[in-house]
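One structure below.
Values in this text are rule-based calculations from the coordinates and carry no lab data. The structure presented is a predicted model; accordingly, all values stated were derived computationally and were not measured. Neighbour counts are summed over all protein chains in view; Cβ atoms, including those assigned to glycine, are modelled from backbone coordinates with ideal geometry.
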Amino acid sequence: MRNKKGWPGAGRLAGGAVAAVAAVLWAGTAAQAGVDVSSWHLQGYYQNDTQYRMGKDQTGNTPGLSREQNTFSLSYNKGLFGGWKLGGTFRGSYNGVYDLNDTEFGRKAGGSVIFQSSAFAAGGPAPQFTSFGESPGNTEPGNPNGILAGAFPGNALHFNYNNPSAPNYNPNQGLQLIGQRWHPTHTGGVDIAVPVRPCDVDSRGCVDFGGYGDQSVSDLRFPEFNKRLDAIRELYVTRDFQLPNGQDIFLKIGRQQVVWGRTDLFRVLDVVNPVDFSRNNIYDDLQDMRYPMAMFNAVYDIGPTKWLQDSNVQFIWNAEPFRADNLGQCGQANVMLDAGCTFRGLKNLWDNGGSVSNFAGGNIATDFGPHQIGIRNVYVPDWKLSNTTFGLKFGGTSPDGSIAFSLNYLYYLSQLPSLHGNQPAVNPFTGAPPSAYTGNRLIAFDMHYPHVRLFGGSMDYQWDWAKSAVRFEGAYTSGEEFANTLSSNLYSTNNVLRTVVGIDRPTFIPFISGASTTLISAQLFYQHIFDFQRETRPFGTAGMIDWQDNVTGTLLLQGTYLNGRFHPTIIFARDFMAQANAIVPSLIYNFTNNLVVTLGANFKTAGNINRYKVTDCRACNPYPPFTAAPGQGDEDWALSGIEPLGIFRAGPFGTARREQQVFLKVRQSFGL
């Protein structure tokens, strides 16, 4: 484990490359007799982004204000000594939603929850419902529903839900049911409770998931002002070294963004920098969402060759400690895939115990004690050379200039986590300690970030006949890990192919505008998982959760009016396997060259959510013979539900199906 929120010790706070920038800046300043303010080139902006969420969640609640972010950004560059130049960007913001709507996303969020035992539906018209901590297996004093206590010697399922002085106190307050923001609960599947208040108010389930997951109210309000120094968006020095043969080497050292790839919205090659999805899921510009990292970036410009008009080689090394994609902390307005809620709920289950709907026998609400199920440990990689990112890219342009291409290699740590199941845990049937565990497929997890190798390439083609630009991009990775209930550890390592083709064409469309062109941009993303495993079992389908093959398409239409000042825009996106869609209309008006106002909305739709039901390991038989159905051996019989793994089938559009919202952005730019 590491110091929370990322940087492993103050001695490494700046990460080598940022320290180098500071040294060059000091030397450059000392070499000058004085500081000439006019030599600094400054530009920046102030932006207010207000978003209101109209769509009701499955409890009938309308979230309301979901973002009130005020951002100030300042970019700067300055010539130093010896041909070196300094550049960078400072950004700070305040998101007022955690003060203005704290009953939904702040200190007062959440409430009490109840759990379902669908077994009781057989004896009457409706299932039985019990409160958190009062399920049939818990015999804590005052619980009248402890009818199964005899099946669990030593009261092994007990957890403290009503005694503040007891260890592992886990009260029925400040909670939501997992998934209630996007799908019905109490439908015969798994429901677990997840705390939703900031971690300085309620620390249950809080842990560093690789740069997020343990955030206080202040961290959420002021996301850039943290131990990772995110307010320093960029800080780097650059220099061109001219070689005697006419070639040159360009160096850029410090915190920066390195953009590989040529596509928008979904990343194929563009995986060098991690991304902050908690800002606005996938709907903000990637330039604003990437986390700049401290890197050494060298480009050797080879120039023209016998076969190419131009060519170059780029080498990158990310010297900063590992950082994961920020998927959002449960309780924030934007939680990508609802994954942050899954993680926080599972971590709370391990640390403190808790209730789970329809678990025992697949249909009885069950109370688990601490250290029985959930996320046990989170292994955020320590800083060492083998845990840093190395990349190499060769780029070139065809003799006629119509084709620009790249060939890419990247060695990195996955920015998305993998859950390794079957970790030793307390046996709820006997009370035996973790050291005695000998079963398989137990939903007790350690979180890891595996090493990945990427081989890929991209190409731009200027298609003159069609007056279009065509973009191709592809990546083949090895080392990625996926949930897989056919494996005793509930995951497998698979190779993955991702490709995308896109086309951009400005064209006259008479019914839109006969005086100016309309931009049409379309993309198709494809993903294939190799060595895919899925098998039919008595209650459903066991194996891998993700789709073996999936396609996502996007289409952008942007018109131009009033001499280029007014741009009506609409974006359509569809996840074909999830059968989920996003529609984002907006009106962009440039009042001046520096003042831009955007009014828009984003809507999501999805088909029948039963499509997202997958095995949830209630029928995995982790504690034989206690958990074995008649005739069941060491295997998953694939009893299914939406939680906790259906999020990976629903995707970013399906899990946001209830998040319909309108937004207004006002940006005022300036320069000095």
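Taking each pair of different alpha-carbon atoms in segment 483-594 once, compute 1/r for the pair, average those values, and report the inverse of that mean as the Kirkwood hydrodynamic radius in Å to one decimal. Write down the numbers at each step before the final one.
Details: mean 1/r = 0.0574 Å⁻¹.
For segment 483-594, inverting the mean 1/r across all distinct Cα pairs yields 17.4 Å.
Count charges around PHE72 for me, please; just the other residues with Cβ under 14 Å from its Cβ, Lys/Arg as +1, Asp/Glu as -1. It works out to a net charge of -1. Seen from PRO304, the other residues with C-beta closer than 15 Å to its C-beta sum to a net charge of -3, counting Lys and Arg as +1 and Asp and Glu as -1. Sorting the segments 631-638, 362-369 by their residues' average number of neighbouring beta-carbon atoms within 10 angstrom, most packed first, yields 362-369, 631-638.
For segment 617-623, putting each phi into the Karplus relation 6.51 cos²θ - 1.76 cosθ + 1.60 with θ = phi - 60° gives couplings of 6, 5, 10, 8, 6, x, 10 Hz, in residue order, rounded to whole numbers and with x for Gly and Pro. Farthest toward the positive end of the dipole of the chain, out of ALA193, ILE529, GLY82, is the Cα of GLY82, where the dipole comes from beta carbon charges about the Cα centre. The chymotrypsin sites (Phe, Trp or Tyr not before Pro) found in segment 223-284 include none that occupy coil by DSSP while having at most 10 further C-beta atoms within 10 Å.
The residues packed around THR366, meaning those with a beta-carbon under 12 Å from its beta-carbon, carry a net charge of -2 if Lys and Arg are +1 and Asp and Glu are -1. The slack in the chain from ILE570 to PHE532, taken as 0.36 nm per residue of separation less the alpha-carbon distance, amounts to 10.1 nm.
Applying 1/(1 + (r/R0)^6) with R0 = 25 Å to the Cβ-Cβ distance of GLN173 and ASP99 gives a FRET efficiency near 0.75. Full extension of the chain segment joining ASN489 with MET54 gains 152.5 nm, where the gain is 0.36 nm per residue of separation less the Cα-Cα distance.
Here the Karplus curve 6.51 cos²θ - 1.76 cosθ + 1.60, taken at θ = phi - 60°, turns the phi angles of segment 527-540 into couplings of 10, 10, 9, 7, 6, 5, 10, 7, 9, 7, 10, x, 9, x Hz, with x standing for Gly and Pro.
Work out, step by step, the length gained on full extension between PHE222 and LYS384: first 0.36 nm times the residue separation, then minus their alpha carbon distance; give nm to one decimal.
Roughly 55.3 nm would be gained on extension.
In this label model, THR517 and ALA628 are separated by 7.0 nm, measuring between points 7 Å along each Cα→Cβ vector.
Quote the FRET efficiency, to the nearest 0.05, computed for VAL662 versus ASN245 with a Förster distance R0 of 56 Å and r equal to the Cβ-Cβ distance. Efficiency at R0 = 56 Å is approximately 0.45.
Residue pairs exceeding 22 angstrom between C-alpha atoms, taken from LYS108/LYS604; LYS85/LYS227; LYS56/LYS604; LYS252/LYS393: LYS108/LYS604; LYS85/LYS227. Label reach from ALA436 (point 7 Å along Cα→C-beta): in segment 343-379, amide nitrogens under 17 Å belong to 369-373. Each Cα pair under 8 Å and six or more residues apart adds its separation to the average, and for the chain the resulting relative contact order is 13 percent.
Rg over Rh for segment 598-640 works out to 1.42, both radii taken from alpha-carbon positions and Rh defined as the Kirkwood radius. Over segment 517-672, the fraction of Cα-Cα pairs per 5 Å bin, rounded to whole percents and listed from the shortest bin up, is 2, 8, 13, 13, 13, 11, 9, 8, 6, 5, 4, 3, 2, 1, 1, 0. For the peptides 300-306, 334-340, 463-469, 101-107, the ranking by mean Cβ contacts within 10 Å, running from highest to lowest, is 334-340, 101-107, 300-306, 463-469.
Taking amide H as placed 1.01 Å from N in the peptide plane, ASP276 has its amide H under 5 Å from the amide H of ARG290, TYR291, ASN326, each at least 5 places away in sequence or on another chain. The alpha carbons of the chain occupy a box of 83, 61, 51 Å along the principal axes, longest dimension given first.
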